[in-house]
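Engineer: One structure, pasted below without further comment.
The values are calculated or read from the model by the stated rules, or taken from the named source; none is laboratory data. Quantities reported herein were computed from a predicted structural model and do not represent experimental measurements. Every residue, glycine as well, gets a Cβ built from its backbone with ideal geometry; the counts of neighbours run over all protein chains shown.
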Amino acid sequence: MIAEAGILPCAEQVEAKVQSRLGGRIRDFQVVIRDDGLILKGRAPTYHAKQLAQHAVLELGWLPLLANDIEVR
C-alpha cells in the first residue's frame, strides 16, 4: 500500500507508480484527487491498458475510484 502512517500520497506519486507498472502505455496520464476519491485521465491504445491502469490504482487501496476517464484511441 502506498499510504503509510495516515499520510496520503500526492497525485504525482500515484501517477508515477501506475506508469511504472504499465510501462508508459497511458499517455498524458493524470490522477485527480478529490475528497471523495480519484478520477483517472489520459489516453490508452487499448481497453486492456485502460483496465490495467484502473486495477493498478485500485490495488493502492487508499481512496475509491470515482471515474476512469481514460480515452481509448
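Engineer: Would you tally the residues in the stretch 40-73 being within 15 Å of Ala16 (Cα to Cα) and of a type in the set (A, V, I, L, M)?
Structural biologist: Residues in the stretch 40-73 being within 15 Å of Ala16 (Cα to Cα) and of a type in the set (A, V, I, L, M): 7 in total.
Engineer: Which of the residues spanning the stretch 9-26 are surrounded by 14 or more Cβ atoms within 10 Å (Cβ to Cβ) and not in a helix (DSSP H, G or I)?
Structural biologist: Pro9, Arg25, Ile26
Engineer: Please work out if Asp69 is among the acidic types (Asp, Glu), over 11 Å from the mean Cα position of the chain (by Cα) and at pLDDT 90 or above.
Structural biologist: Numbers: among the acidic types (Asp, Glu): yes; over 11 Å from the mean Cα position of the chain (by Cα): no; at pLDDT 90 or above: yes.
No; evaluated as a whole, the condition is false for this residue.
Engineer: Further question on the same structure: Is it the case that Ile2 is in contact with a Pro (Cβ under 7 Å, 6 or more places away or on another chain) and modelled with pLDDT under 90?
Structural biologist: Judged against the criteria, Ile2 is a match.
Engineer: Could you grab me the full set of residues in the stretch 51-73 that are part of a strand (DSSP E or B) and within 20 Å of Asp35 (Cβ to Cβ)?
Structural biologist: Correct list: Leu65, Leu66, Ala67, Asn68, Asp69.
Engineer: Separate question: Got a number for residues in the stretch 27-50 being among the basic types (Lys, Arg) and part of a helix (DSSP H, G or I)?
Structural biologist: Going through the stretch 27-50 one residue at a time, the tally reaches 1.
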